[in-house]
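The values are calculated or read from the model by the stated rules, or taken from the named source; none is laboratory data. Fair warning: this is a prediction, and the values are worked out from it, not measured in the lab. Cβ sites come from the backbone with ideal geometry, for glycine too, and all protein chains shown count toward neighbours. Just so you know, the surface numbers come from the protein's heavy atoms only, side chains and all, with ligands and any DNA or RNA stripped out. Shrake-Rupley method; radii C 1.70, N 1.55, O 1.52, S 1.80 Å.
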Amino acid sequence: MTIRKRLILSNLLMILLPAVMALAASVVIGDIFENRMDGLEEIFEEGHLDIGDFEDLKTSLLALAGGIAVIFIGAVILISVILTGIISRSIIRPLEELREGARRIGNGDLDAEIAYRRNNEIGEVCRDFNEMRIRLKQSVEERIRYDQYRREMISGISHDLRTPLTSIRGYVEGLRDGIADTDEKRERYYAAIQRRTSDLESLVETLSLFSRLENSSFHYNLQRTGLGTYISSLIDDYMSGAERDRINILYKAQSPEPVAMIDPREMKRLFVNLFENSLRYSQKDLVTVSVDVRSDGQSALITVSDDGPGVPEDELERIFDSFYRGDKARSNAGEGSGLGLSIVKSIAEGHGGSVRAFNRDGLSIEIELPAVR
């Protein structure tokens, strides 16, 4: 019952109960008065009328009326106290719970749930309070995750920048101090400096790309695309490039081919990052990567799998984190920026899709994109 209905009911009871008691009192007084009048009538008929009888009648009626009045007033006060107590408990107790919950939240306890569950106005306030608490807790947890993410990113950037810079510094000092004292050594030092500078340039470009993709204002040029034809052409183009003798890409597509809205340029970047990731962390001379494209009617599913060592199960959920270094191979800046799979995730989510990783005789990455008819 709502608080408003309770207040209305209590007010009605405060009016009706005394009225009922007054009616009952009038009936009792009427009966007593009628009995006394009958007795007085008998005395009058017998001719024994005495002024004392009238005084007795008057006194008894006044006493009766006074007693009934006292009972009536006491009953009204008792009813008011009882009803006021009931209403007060239904209002004050939940308010005290709300105050205690607000105090605990103010002290940092975001698990301070209000247990009041009645279906009334205050119950609605308590439910809103609990929902606010949950949203606040989620906000705090998200901020903590973001702070951790930012610290890891800064640490990763610092690490990946420091490694080639330290190397360049060493070679420059070697040239300046005359350690490279032959033309052959100097040429080797110059080539090493050039390689490390290229590593730095590649890292800066990757960071710039990642920053753009993470920006909510980044615009994807989406086009209706048949994924089978698109991925087949992309693989042919990738395999025609230099230094592809270490990778063999097997392609399998469903017929009819799934269709999705994609940005061809950014989606190409996604696949190149996946292929390069398989190459980078494989321990084989020839890496086999399989690409499977299919549809479940609602989504287009693209699975890119390699025959590499895979990833420990407890690290699968984190390999898409920026600069995550679950294994030692990822700590070498020369072997990659540590942002490849983060960029894959950003591009997939930017297309309204999702990405997940699992082990199946190697590492498999599944991208799910909304399918169109």
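Observations
- The set of residues from segment 252-273 being assigned to a helix (DSSP H, G or I), out of contact with any Phe, Trp or Tyr (no Cβ under 7 Å at 6 or more places or on another chain) and of a type in the set (A, V, I, L, M, F, W, C) comprises Met267, Leu270, Phe271.
- Any chance Pro256 is open to solvent by 10 Å² or more (accessible area, probe 1.4 Å) and under 18 Å from Met239 (Cα atoms): no
- Cβ-Cβ distances below 8 Å connect the following pairs, each with a first residue in segment 102-116 that is free of Cβ contacts under 8 Å to residues at least 12 places away in the same chain, a second residue that is part of a loop (DSSP other than H, G, I, E, B), and a separation of six or more residues or different chains: Arg104/Ala112.
Yes/no matrix, rows are residues, columns are (1) more than 22 Å from His351 (Cβ to Cβ); (2) open to solvent by less than 30 Å² (accessible area, probe 1.4 Å); (3) touching a Cys at 6+ places or on another chain (Cβ under 6 Å):
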residue: Ile262; (1), (2), (3): no, yes, no
residue: Glu276; (1), (2), (3): no, no, no
residue: Val289; (1), (2), (3): no, yes, no
residue: Gly308; (1), (2), (3): yes, yes, no
residue: Pro312; (1), (2), (3): yes, no, no
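- Test: residue in segment 86-95 that is open to solvent by less than 70 Å² (accessible area, probe 1.4 Å), part of a loop (DSSP other than H, G, I, E, B), within 30 Å of Leu16 (Cα to Cα) and modelled with pLDDT under 80: no
- Filtered residues of segment 237-251 (kept if aliphatic (A, V, I, L, M) and either crowded, with 19+ Cβ neighbours inside 10 Å or outside any helix (DSSP H, G or I) (or both)): Ala242, Ile247, Ile249, Leu250
- Residues in segment 101-141 that are acidic (Asp, Glu) and over 25 Å from Ile91 (Cβ atoms) were compared, and the one that is modelled with the highest pLDDT is Glu141.
- Among residues of segment 178-200, those that are modelled with pLDDT of 85 or more and open to solvent by 100 Å² or more (accessible area, probe 1.4 Å), counted: 6
- Among the residues of segment 289-313, just one is under 9 Å from Leu363 (Cβ atoms), small (Gly, Ala, Ser) and in a strand (DSSP E or B), namely Ser305.
- Of note, Ala102 does not satisfy the criterion of being part of a loop (DSSP other than H, G, I, E, B), open to solvent by less than 60 Å² (accessible area, probe 1.4 Å) and not β-branched (Val, Ile, Thr).
- Out of Leu227, Leu213, Leu234, Leu203, sole residue that is within 30 Å of Pro258 (Cβ to Cβ), open to solvent by less than 40 Å² (accessible area, probe 1.4 Å) and modelled with pLDDT under 85: Leu213
- Taking the conditions (1) over 12 Å from Ile231 (Cβ atoms); (2) touching a residue at least 60 places away in the same chain (Cβ under 8 Å); (3) touching a strand residue (DSSP E or B) at 6+ places or on another chain (Cβ under 7 Å) in turn, Arg246 satisfies each one other than (2).
- Within segment 157-171, if we keep just the residues that are open to solvent by less than 70 Å² (accessible area, probe 1.4 Å) and free of Cβ contacts under 8 Å to residues at least 40 places away in the same chain, the residue that is nearest to the chain's Cα centre (by Cα) turns out to be Ser158.
- Odd one out for Lys284, checked against (1) of a type outside the set (Gly, Ala, Ser); (2) more than 14 Å from Ile365 (Cβ to Cβ); (3) in a strand (DSSP E or B): (3)
- Taken residue by residue, segment 342-351 has no member that is part of a loop (DSSP other than H, G, I, E, B), under 22 Å from Ile154 (Cα atoms), in contact with a Ser or Thr (Cβ under 8 Å, 6 or more places away or on another chain) and modelled with pLDDT under 85.
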